[in-house]
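Peer 1: The structure follows.
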Protein chains: 2
Amino acid sequence: MLHPSATLAGFAAGLKFEDIPTNVVGRCEDLFLDTMGSILAGSSAKPVRSMGSFAGQMAPADGPSEDFVRRTRTSPYFAAMVNAAAAHVVEQDDVHNGAVFHPAAVVFPPALAVAQAIGASGREFITACVAGYEVGIRVGEFLGRSHYKIFHTTGTAGTLAAAVAVGRLLKLDADQMLNAIGSAGTTAAGLWEFLRDAADSKQLHTAHAATAGMQAAYLAKEGFTGAQHILEGAQGMGAGMSDDANPEKLVDRLGSRWTLAETSFKFHASCRHTHPAADALQAVMREHGLKVDDIVSVVTHVHQGAIDVLGPVTDPQTVHQSKFSMGTVLALIALRNSADLAGFDQALGDGSVERFRDLVTMELDKEVDDAYPQRWIGKVTVTTRDGRTLSGRVDEPKGDPGNTLSRPEIEDKTRRLGTYQGAATEQEIDSIIARVWALRDQESLDAILVSAA
Amino acid sequence: MLHPSATLAGFAAGLKFEDIPTNVVGRCEDLFLDTMGSILAGSSAKPVRSMGSFAGQMAPADGPSEDFVRRTRTSPYFAAMVNAAAAHVVEQDDVHNGAVFHPAAVVFPPALAVAQAIGASGREFITACVAGYEVGIRVGEFLGRSHYKIFHTTGTAGTLAAAVAVGRLLKLDADQMLNAIGSAGTTAAGLWEFLRDAADSKQLHTAHAATAGMQAAYLAKEGFTGAQHILEGAQGMGAGMSDDANPEKLVDRLGSRWTLAETSFKFHASCRHTHPAADALQAVMREHGLKVDDIVSVVTHVHQGAIDVLGPVTDPQTVHQSKFSMGTVLALIALRNSADLAGFDQALGDGSVERFRDLVTMELDKEVDDAYPQRWIGKVTVTTRDGRTLSGRVDEPKGDPGNTLSRPEIEDKTRRLGTYQGAATEQEIDSIIARVWALRDQESLDAILVSAA
């Protein structure tokens, strides 16, 4: 514990495919497929198109790595930038509850881009991604709740996750990996301020984490040095960006606890903070056979983080912002029994959604807040038109490790996301599914959707 | 004052060449020439070569913008990355005392790269750079002293300075400029932790500020939105990265106070925090005709920021770290009457330097600390072998606005830096000097050193 940054670096540099339990390898494949769906679903979004246009002005016109947004090949840096920007748009990528961190969006895009550039195998890719998850999630846990009140952990911890994944592919030794972590930490960024304006920054945060992390790893390979204690040092990330940073979290059961397998799939197409309440509302409506018109109010009993992130969104103006509106999410559940992508596309300006939205309030709940972020308990109190007060509760939302998605469910989700707005064809999705289910035996990850000219 | 970020954005978007006082235009030319010297002097440094190698793997092999490190042309993004990495290496670029911010290293490289890409004139370039200075310096002042204790303001405020300079070249309107500021602020980064290890992060910080700022501006041109209150908002930079952020500083006398003309040239090749004491020691030695062997101790009376930044450097292991060693800097003054680049190259491992270094201590001084950062007072107390206690004092160090460099002095400094380790030839420096002194009348900034193929 004298030097947790170095312990993390040593673990990441030394991780071997054989060290990774089979269920973790399988879950990594699950998450990669899930992420491909998210990238494709986000690829037509306007901010992602803008990022693609920027890449078009700055990037090489050809290269080894696939840009799934522009359907072109370029250098790894810009492929990672654009794919990472796309991965988080539809809010359907994974989340680690304890770290409040979305690892997939910042780990898979840079790892895939570099794997394609260096001709890495499926096993090398899996090993690198697992290393990125294990480090990034622990960094998120280390930075703690005070960090997440102002900083978007996926942007900050994400930069280190990306650096480690790319660093493992580049076969950095432990010293180089520590340098990569140092460089990544000193360029880590992402603030929540954009939420108030429904601005596009979330896409910038994932793109930035992917590219800054990649840059840190490549520079380390060249001998470029970084701070040796960027996480726990007196002028490091913990000191500058957190009030409750806990270095013990950085090295928590490294090599025996696999945090990748603790991540949750997202079932609803909204901010994760809305999911427990959405599942609890769904449960109480199912249990009591309620219809939307039976309900006159819903109180959601939430943790403080939900209030911090969702509280400012009282009158959503964009589809993206509506995914951060607790009232809108619960309205879709009540009206359609599903808060999926198509539902959000139609929610804005829909009078029935807006009427239900205004019936929903959030209240801080001690039990829920104390359990968070380790457990995301959903609790709602529903008042009915005929005067009943009904409680709904879920202890583990759909998609969490104890209530996870099966491979057919993941395939189904990938197909829905991957074909959203015509991003890919059914045949392309079939091909992706087949390759990912055989990922650990793939000799190369080249030409997933874009063949070399 | 309801929306200072928007006021800043409106000012930057609306700034015209005709609005800028002639002396500020002249000082901008001075600073650009000074920066070209710094870029060339830094171009052979190992971390800069590493950055160039990274660009070589990720960047287009040709383009409109000059990379002075690899002596090649590429896209503006990578030209800015590599030139900005080079600009701050030798610690001879400018500084704004009040903001404790080095604007030149993060403003000129991205502005030049984009000016070359879009065919901007000298006047458009000057206008853009002035806008970048005025915004970046005020952001540094806004973030305050608590920010600088942990964050490298040149990396953080620098990202906004770069975004505004590029944004002005791209002719962003006020709304787009506010979006650019939002995107820049949410990717702004840079921590001091690296100093403890003499790591290469300072070069990464300037490169990162230049590229993240450029990306923010280009994205804004494409319609990509950013937080509207990234500076003063409840989850913005001030909230997350400072304890004493003062929004009034953001709009302090915009349009009448020209902070660019308040910046200082660096005369010594060391961290700016050492300069006042270096000048004070020089003064007391000159006044009393002291030789190095006459001195048995030097107490430097300094501000807290000097102790924070220089204090950890007790036994410098690299040339770069020695520039953050108060003792080493004062040893060079005592031994050579100059702390220039060549002096530092020879200082490491020199017994006479190390002996004098150990005679030097720092003490917090109330007068100096209270005046900082508006004024950088230098005060030393020298004890002599024959038992005298002598005081040295300077109220304005060499290079500060009230004690500035003349154009011949700037030419001389540029020639020394530009030819350092053979970076450029004397003829090339002559050509650069001639072009910069005619900057406001140049129709284009193309082919300063690297002609199109």
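Peer 1: Check B:Leu178, B:Leu160, B:Leu143 and return the single one that is more than 14 Å from B:Tyr218 (Cα to Cα) and in a helix (DSSP H, G or I).
Peer 2: Criteria check complete, one pass: B:Leu143.
Peer 1: Restricting to region A:76-123, name every residue that is surrounded by fewer than 24 Cβ atoms within 10 Å (Cβ to Cβ) and over 21 Å from A:Lys323 (Cβ atoms).
Peer 2: The answer is A:Gly98, A:Gln116, A:Ala117, A:Ile118, A:Gly119, A:Ser121, A:Gly122, A:Arg123.
Peer 1: With among the polar types (S, T, N, Q) and either touching a strand residue (DSSP E or B) at 6+ places or on another chain (Cβ under 8 Å) or assigned to a loop (DSSP other than H, G, I, E, B) (or both) as the only criterion, which of B:Thr187, B:Thr211, B:Thr206 stands out?
Peer 2: Exactly one residue qualifies, and that residue is B:Thr187.
Peer 1: Kindly indicate whether any position in region A:131-140 is open to solvent by 10 Å² or more (accessible area, probe 1.4 Å), at pLDDT 95 or above and not β-branched (Val, Ile, Thr).
Peer 2: no
Peer 1: Follow-up. I'd like to check something: does region B:348-367 contain any residue that is charged (D, E, K, R), in contact with a strand residue (DSSP E or B) (Cβ under 6 Å, 6 or more places away or on another chain) and at pLDDT below 95?
Peer 2: no
Peer 1: Can we say B:Leu390 is open to solvent by less than 10 Å² (accessible area, probe 1.4 Å), within 17 Å of B:Asp279 (Cα to Cα) and in the same structural domain as B:Gly289 (by TED's automatic domain parsing)?
Peer 2: Judged against the criteria, B:Leu390 is not a match.
Peer 1: Please identify the pairs in which a residue from region A:256-271 that is more than 20 Å from A:His152 (Cβ to Cβ) has its Cβ atom under 7 Å from the Cβ atom of a residue that is of a type in the set (Ser, Thr, Tyr) and assigned to a loop (DSSP other than H, G, I, E, B), counting only partners at least 6 apart or on another chain.
Peer 2: A:Phe265/A:Thr404
Peer 1: State whether the residues of region A:11-29 include one that is under 30 Å from A:Gly343 (Cβ atoms), more than 14 Å from every other protein chain (Cβ to nearest Cβ) and either in contact with a strand residue (DSSP E or B) (Cβ under 6 Å, 6 or more places away or on another chain) or open to solvent by less than 30 Å² (accessible area, probe 1.4 Å) (or both).
Peer 2: Within region A:11-29, one or more residues are under 30 Å from A:Gly343 (Cβ atoms), more than 14 Å from every other protein chain (Cβ to nearest Cβ) and either in contact with a strand residue (DSSP E or B) (Cβ under 6 Å, 6 or more places away or on another chain) or open to solvent by less than 30 Å² (accessible area, probe 1.4 Å) (or both).
Peer 1: May I pose another question? Name the residue that is most open to solvent (accessible area, probe 1.4 Å), counting only residues in region B:410-427 that are farther than 12 Å from B:Val90 by Cα and of a type in the set (Gly, Ala, Ser).
Peer 2: Looking at the filtered set, the residue picked out is B:Gly422.
Peer 1: Hey, which of the helices (runs of 4 or more DSSP H) in region A:281-381, taking only ones fully inside, have at least 1 residues that are farther than 30 Å from B:Gly233 by Cβ and of a type outside the set (Phe, Trp, Tyr)?
Peer 2: Ranges flagged: A:326-336, A:341-347, A:351-357, A:366-371.
Peer 1: Give me the residue from region A:152-168 that is among the polar types (S, T, N, Q) and over 13 Å from A:Pro109 (Cα atoms) and, out of that set, surrounded by the most Cβ atoms within 10 Å (Cβ to Cβ).
Peer 2: Among residues in region A:152-168 that are among the polar types (S, T, N, Q) and over 13 Å from A:Pro109 (Cα atoms), the one surrounded by the most Cβ atoms within 10 Å (Cβ to Cβ) is A:Thr156.
Peer 1: Can you tell me which of A:Lys171, A:Lys149 is open to solvent by 10 Å² or more (accessible area, probe 1.4 Å), modelled with pLDDT of 95 or more, farther than 22 Å from B:Ala207 by Cβ and not in a helix (DSSP H, G or I)?
Peer 2: Of A:Lys171, A:Lys149, the one residue that is open to solvent by 10 Å² or more (accessible area, probe 1.4 Å), modelled with pLDDT of 95 or more, farther than 22 Å from B:Ala207 by Cβ and not in a helix (DSSP H, G or I) is A:Lys171.
Peer 1: Now a separate question. Determine whether region A:320-332 contains at least one residue that is assigned by TED's automatic domain parsing to the domain that holds A:Gln282, charged (D, E, K, R) and in contact with a Leu (Cβ under 8 Å, 6 or more places away or on another chain).
Peer 2: No, region A:320-332 contains no residue that is assigned by TED's automatic domain parsing to the domain that holds A:Gln282, charged (D, E, K, R) and in contact with a Leu (Cβ under 8 Å, 6 or more places away or on another chain).
Peer 1: I need a count of the residues in region B:394-453 that are in a loop (DSSP other than H, G, I, E, B) and basic (Lys, Arg).
Peer 2: Within region B:394-453, residues that are in a loop (DSSP other than H, G, I, E, B) and basic (Lys, Arg) number 1.
Peer 1: Here's a follow-up. If I go through region B:259-280 residue by residue, how many of them are assigned to a helix (DSSP H, G or I) and either open to solvent by less than 30 Å² (accessible area, probe 1.4 Å) or of a type in the set (A, V, I, L, M) (or both)?
Peer 2: 12
Peer 1: Which one of B:Ser297, B:Ser256, B:Ser242 is surrounded by fewer than 24 Cβ atoms within 10 Å (Cβ to Cβ), within 14 Å of another protein chain (Cβ to nearest Cβ) and more than 30 Å from A:Gly52 (Cα to Cα)?
Peer 2: Being surrounded by fewer than 24 Cβ atoms within 10 Å (Cβ to Cβ), within 14 Å of another protein chain (Cβ to nearest Cβ) and more than 30 Å from A:Gly52 (Cα to Cα) holds for just one of B:Ser297, B:Ser256, B:Ser242, which is B:Ser242.
Peer 1: Here's something else I'd like to know. Pull up region B:216-232, narrow it to residues that are open to solvent by 10 Å² or more (accessible area, probe 1.4 Å) and within 8 Å of another protein chain (Cβ to nearest Cβ), then point me to the one that is nearest to B:Ser43 (Cα to Cα).
Peer 2: That would be B:Tyr218.
The values are calculated or read from the model by the stated rules, or taken from the named source; none is laboratory data. Remember, it's a predicted structure, so these values are computed and weren't measured experimentally. In this analysis, Cβ positions are derived from the backbone assuming ideal geometry, glycine residues included, and neighbour counts consider all displayed protein chains. Surface areas here come from the heavy atoms of the whole protein model, side chains and all, with no ligands, DNA or RNA. Shrake-Rupley method; radii C 1.70, N 1.55, O 1.52, S 1.80 Å.
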